[in-house]
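Here is the structure we will look at.
The values are calculated or read from the model by the stated rules, or taken from the named source; none is laboratory data. Fair warning: this is a prediction, and the values are worked out from it, not measured in the lab. Heads up: the accessible areas ignore ligands, DNA and RNA and are worked out on the full protein's heavy atoms, side chains in. Shrake-Rupley method; radii C 1.70, N 1.55, O 1.52, S 1.80 Å.
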Amino acid sequence: MFNLSRVVVWICKRFNREQINLIINELSKILKDPNSEIQPQDSFKEDHPNYRKFDVDPNPPLPESPIKKKKRKRTTKHS
């Protein structure tokens, strides 16, 4: 948050109220439009850089198919 407050102070020192309102409106438009040319940073990607990055082993886990067991017939008891 410290860096953000410094940015706000910088903006306030260099722009007048009307210009600041224009900046706010443009930022709001960018955030509302998912197809905007300008995309905000995605903090999730920064916090989790390896999310969904995985490699598949070239060799299968089993060299042969497991042997299938024979199915047993169930016997029912009649009372």
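With all protein chains kept in place, the per residue accessible area of the range 25-69 amounts to 115 square angstrom at a probe of 1.4 angstrom. [x] 90, 43, 27; [y] 50, 26, 18; [z] 45, 22, 20: which one is Cα extents along the principal axes in Å as calculated from this entry? Correct label is [x]. Taking Cα atoms only, the orientation of helix 17-32 departs from the longest principal axis of the chain by about 10 degrees. Once the chain from Y51 to F15 is taken as fully extended at 0.36 nm per residue, the excess over their C-alpha distance is 9.0 nm.
Could you check how much of the accessible area of the chain is carbon and sulfur, as a whole percent, using a 1.4 Å probe? Can you show the working numbers first?
Working: 5120 of 9340 Å².
Of all accessible area on the chain, carbon and sulfur atoms account for 55 percent.
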